[in-house]
Amino acid sequence: MRRLLALLSAFFCVAPFLWLALTALRPPEELTRLGVPSRLSVSSFVSALRDQPLPRALLNGLLVSACTTVFAVAIGSLAAFSLARLRPPGRDAILAGALSVSMFPPIATVGPLYVLLRALGLLDHWAGLIIPYTTFSLPLAMFLLTRAFEDIPEELWRAARVDGCSPLQALWRVHLPLAAPAIATTALLVFIAAWNELLYALTFLSSPERRTVPVAIALFSSEHAEPWGEIAAASTIATLPLVVLALIFQKRIVTGLTAGAVKG
Amino acid sequence: MIELERLTRTFDGRGGVRDVDLTVDDGEMIAIVGPSGCGKSTLLSLIVGLDAPTSGALRIDGRDATRLDPKQRGVALVFQSYALYPHFDVRRNIAFPLEIDRVGKAEIDARVRATAERLAIAHLLDRKPKQLSGGERQRVALARAIVRRPRVCLFDEPLSNLDPALRAQMRVEIRALHRELGATFVWVTHDQAEAMTLADRVVVLREGRVRQVGPPREIYARPVDTFVASFFGAPAINLMEGDTLGVRPEHVTVARSGDGVQGRVVLVEPLGAETWVTVDGGGARITGRGDPELTTGDAVVARWEASDVLRFDERGARVEGPAVVDAPP
Amino acid sequence: MTTRRAAIGFVAPALLAMAVVAAYPIVAAVWLSLHREILVFRDHRFVGFANWSFLLRDGRFWAALGHTTYFVLVAVAVELVLGLAFAMLLHGRARGRGMLRAAVLVPWAVPTVVSAKLWAWLYDPNHGLITHLLGVREVNLLGTPVIALHAAIVVDVWKTTPFVALVLLAGLQSIPEDVYRAARVDGAAPFQTFRAITLPLLLPTVAVAATFRALDAVRVFDAIFVLTDGGPANTTETLSIYAYKTMLRLGDFGYGATLSVATFLVALVIAGLGISAQRRASR
């Protein structure tokens, strides 16, 4: 009984995505059919990659997400290290502030940010997207990394200081290597969030050739009706790496997602 | 030379140290002892630079070091839990302070090897800390501290995680190492026996204040108060007459007959060379040397020489002078 | 001491970023909401509370608030129930657990835009699997008022139930095994155990999951943008969509800011309710 329920639940989770992949693999003339396709075809993939600006969007997404990840992890681990080991004044206030930032609805900031970026000449620039992405990734990065640094024995920090490390050296040579698993988790969650973001990308980047993946897919178009084969192929391409990452790093992601939820 | 001048570090809660005046000479081996929570670790943190004093001054070799970064003090520290870097192998652990100090690669290699050989851990250089036994970790921690050739090396209860046999062996080795290096060693411990056997001088700390400083024999023979008197010596000193009289167990003889305090045996502890017998002498318990043949319940007398009695006033401070109350009738 | 300078220096970049890119825009939005601000016309003047008084009379705002509230309540409620069921399946010793554990991460990893497209395809009037299975071919589900909003809720439920399940699973795992053993010794039936032990002890975690989800659902944008763009006849228009259209399609930043501040206030209320619920649950 439980096994059947588990099977059904798994089916509920996976089936829609499999259906999408199946649609992508259907020969174009069989798109309107629901049954088992007579053969599998890559023609939708070919046209998604050739006729649509998808390859461009994939590269753009990679660029923006990778930069966001690097900056968020760098700035986040500096801050987290300070919070965990250096006792900055107002430590609790800083954490509370970060928590409230993580609760801001993006729509509440998108208008003024648009005006600000316009004034700075950063509209339609990568920086105009990477800066807000990094900022809104910081709360998560700070929480996960502060906890990770706090889990490292305090004596190692003291030992590093006695051995002559400056705080930065102690972070770089002792704490970062020891927090590597948490860094990986943080990087993964930040990367995926940036890769998937729509509202800012839609608003701050106007040139079609700068579109990120979600924008490209949301605005996928053709002269005729919705090009479902291409949409399905593009969606599969955009999603498969994430699904693979999620399955490989299952444990890390689950830890990252649920950190803080139980302890409060 | 380390000079502490009215060094004070207070915390919001309890703990900390107050008005510590202390001068440690070059090449001296000094032990800081006291019960847990007496401020030993705070004092250590202040000397090594992991914490800054609330007030007072600290000089190392005549230079004001009160607010110096640990890096600039040239003070090494061996941690109680060893604090080895788990992601480095032994070689890298020992080399780390030199790397940070930008010592040349060839010199690092030579010094790491020499230090490892001196401490008999050269065969462990490629292992990770988690592959080592407690004693081996202790040696690696020691190697990491002395590889820098520090003028001052601090030890934070470094032997407390070892078994007794290993602890005794390490004490001997560290004494030898101290003579060889000629560096100043400051040794923090709550174990009075360790302090007595290792140190040239002992600093007794209680509730953040220095109670007494002196060579072990003097601390033992002429404690300033009942706290110091009871802290040193095992078994502990016998305190009587409302804690105004004290006599060490080794000065008390328990016999089946003769003059002295009469009582009954309540405990016999034969240790081989020595047998300690505790006597209930009408309320006061007195421990002294006795015959291993004695058993619980035997009627005995305990006696001692008047010259061995330490006298204290009602606040616990020792008073000099002839004993008013002589040996009991 | 250098550590003190480092302590401040190391948090400074993060604080600066959050101050300029997160806190300042909120303040600026409040300030903008007191202005008539239309970028293309270079129209910029202070109008006091005119936008706010218009907001109170704006039927479209109240409708959007209604849709948003309905979306949050229904979606989060369904997600909690389904998520709890998933979590119990994942927690038990049933076989197939490893498979389910991997499967729940799939919807989580799928970008919201993709999941919306994917469901749009399933809802497709002519070739959609769901329209076919429901036997309502040629009915445009996403073009039918009332149904369209529920179709959007389904997308949200599919995409985010895994998150709820994982959080609740972590909560279940934090309940000590001994409590269950004690209940078994006391002769409690499985359902009694669930009612008397699991649920009360899990309540704080439920409150956390609900708060997280509600804060996320109240900002719903991607799914609706892709599925319906607020249609048909604005019946799926949420606060985020309305504010977005006002600011970035009409270029009316003053009233758009008013709408976005209103959304922020709703989120604030949810956060407040969530925190007090967590306090009560963990008492």
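The values are calculated or read from the model by the stated rules, or taken from the named source; none is laboratory data. In this text the structure is predicted, and so the values were computed from the model without any measurement. We place every Cβ from the backbone using ideal geometry, glycine too, and count neighbours over all the protein chains shown. Surface accessibility is based on the protein's heavy atoms, side chains included, excluding ligands, DNA and RNA. Shrake-Rupley method; radii C 1.70, N 1.55, O 1.52, S 1.80 Å.
Over chain B, dividing the summed -39,500 (n - 2.57) contributions of all DSSP H runs of at least 4 residues by the number of residues returns a 222 nm mean residue ellipticity of -8000 deg cm²/dmol.
Note on chain B: with a GNM built from Cα contacts shorter than 10 Å, the maximum mean-square fluctuation among B:Gly62, B:Gly214, B:Gly15 falls on B:Gly62.
Any idea of the accessible area per residue across segment C:60-282, 1.4 Å probe, to the nearest Å²? Spell out each step's value before the answer.
On the way: 8680 Å² over 223 residues.
Using a 1.4 Å probe on heavy atoms only, each residue of segment C:60-282 averages 39 Å².
To the nearest 10, the accessible area of B:Ile60 is 20 Å² with a 1.4 Å probe.
Using the Cα centre of chain A as origin and beta-carbon charges of +1 (Lys, Arg) and -1 (Asp, Glu), tell me which of A:Val73, A:Pro167, A:Ala141 is placed farthest towards the positive end of the dipole. Of the listed residues, the answer is A:Pro167. Of the trypsin sites (Lys or Arg not before Pro) found in segment C:1-42, those that fall in a DSSP loop while having at most 16 other beta-carbon atoms within 10 Å are C:Arg42.
Among A:Leu7, A:Leu31, C:Leu166, the sequence by solvent-accessible area, most first, with a 1.4 Å probe is A:Leu7, A:Leu31, C:Leu166. Each residue of segment A:240-246 is assigned a 3J(HN,Hα), and the resulting list reads 3, x, 5, 5, 4, 4, 4 Hz, derived from the Karplus form 6.51 cos²θ - 1.76 cosθ + 1.60 (θ = phi - 60°), x at Gly and Pro. Spacing of the modelled spin labels on C:Thr144 and C:Ala188, each 7 Å from Cα toward Cβ, amounts to 4.4 nm. Nonpolar atom fraction for chain B, defined as the carbon and sulfur part of the 1.4 Å probe accessible area, stands at 48 percent.
Do the sum for chain C: with -39,500 (n - 2.57) for every DSSP H run of n ≥ 4, divided by all residues, what is the mean residue ellipticity at 222 nm, to the nearest 500 deg cm²/dmol? Mind showing how you got there, number by number?
Values: 15 runs with 194 residues, N = 283.
One gets -21500 deg cm²/dmol as the mean residue ellipticity at 222 nm.
Averaged over peptide C:139-150, the number of partner chain Cβ atoms lying within 10 Å of each residue's Cβ comes to 0.
For segment B:236-329, GluC sites (Glu not before Pro) meeting the loop criterion (DSSP other than H, G, I, E, B) and having at most 14 other Cβ atoms within 10 Å: B:Glu241, B:Glu274, B:Glu293, B:Glu305, B:Glu314, B:Glu320. Across the protein chains, with a 1.4 Å probe defining accessible surface, the residues C:Leu82, A:Leu49 rank A:Leu49, C:Leu82 from largest area downward.
Simple point charges give the picture: +1 on the Cβ of Lys and Arg, -1 on the Cβ of Asp and Glu, and for segment C:60-282 a dipole about the Cα centre of about 500 debye. The listed residues B:Asp191, B:Asp64, A:Asp151 rank as A:Asp151, B:Asp64, B:Asp191 when sorted by accessible area, largest first, using a 1.4 Å probe. Placing +1 on the Cβ of every Lys and Arg and -1 on the Cβ of every Asp and Glu, with no other charges, gives segment C:27-104 a dipole of roughly 360 debye about its Cα centre.
As a test of the definition: with a 1.4 Å probe, what buried accessible area, both sides summed, do you compute for C against A, in Å² to the nearest 100?
Working: alone 16300 and 15420 Å², together 24170 Å².
That pair of chains buries around 7500 Å² in total.
Taking every DSSP helix (H) stretch of at least 4 residues in chain A, weighting each as -39,500 (n - 2.57) and dividing the sum by the residue count yields a mean residue ellipticity at 222 nm of -22500 deg cm²/dmol.
Would you please name the trypsin sites (Lys or Arg not before Pro) within segment B:43-72 that are DSSP coil residues with at most 16 other C-beta atoms within 10 Å of their C-beta?
Numbers: sites: B:Arg59, B:Arg63, B:Arg67, B:Lys71; in loops: B:Arg67.
For trypsin sites (Lys or Arg not before Pro) across segment B:43-72 that sit outside H, G, I, E and B with at most 16 neighbouring Cβ atoms in 10 Å, the list reads B:Arg67.
A dipole drawn for segment C:2-112 from +1 and -1 charges on Cβ atoms has a positive end, and of C:Ile26, C:Val76, C:Ala50 the residue lying farthest that way is C:Val76.
Across peptide A:173-179, the mean count of Cβ atoms from other chains lying within 10 Å of each residue's own Cβ comes to 3.
Toward the positive end of the charge dipole of chain C, with +1 on the Cβ of Lys and Arg and -1 on the Cβ of Asp and Glu, the farthest Cα among C:Ala116, C:Gly274, C:Tyr255 is that of C:Gly274. Calculate log10 I(q)/I(0) of segment B:186-227 for q = 0.18, 0.29, 0.33 Å⁻¹, where I(q) comes from the Debye formula with a single equal point scatterer on each Cα and nothing for solvent. Relative scattering, expressed as log10 I(q)/I(0), comes to -0.45, -1.19, -1.41.
If you place +1 on the Cβ of every Lys and Arg and -1 on the Cβ of every Asp and Glu, how big does the dipole about the Cα centre of the protein assembly as shown come out, in debye to the nearest 20? Spell out each step's value before the answer.
Details: 89 positive and 77 negative charges, 384 e Å.
That gives a dipole near 1840 debye.
Near the amide H of B:Asp225, within less than 5 Å, lie the amide hydrogens of B:Arg318, all on another chain or at least 5 residues away, with H placed in the peptide plane. Looking at chain C as a GNM with Cα springs under 10 Å, which of C:Ala23, C:Ala209, C:Ala77 has the largest mean-square fluctuation? The residue with the greatest mean-square fluctuation here is C:Ala23.
Please report, as a whole percent, how much of the solvent-accessible surface of segment C:60-282 comes from carbon and sulfur atoms (probe radius 1.4 Å).
Numbers: 5650 of 8680 Å².
In segment C:60-282, the share of accessible area belonging to carbon and sulfur is 65 percent.
Remark: chain B carries 46 Å² of accessible area per residue (probe radius 1.4 Å; ligands, DNA and RNA excluded). Ligands, DNA and RNA excluded, the heavy atoms of A:Cys67 present near 40 Å² of accessible surface to a 1.4 Å solvent probe.
Over 23 Å, how big is the tail of the calculated P(r) for segment C:60-282, in percent of all Cα pairs? All intermediate terms of the calculation are to be shown ahead of the outcome.
Values: 13638 of 24753 pairs.
Cα-Cα pairs of segment C:60-282 separated by over 23 Å account for 55 percent.
Within the shell defined by Cβ-Cβ distances under 14 Å, the residues around B:Val224 carry a net charge of +3, with Lys and Arg each +1 and Asp and Glu each -1.
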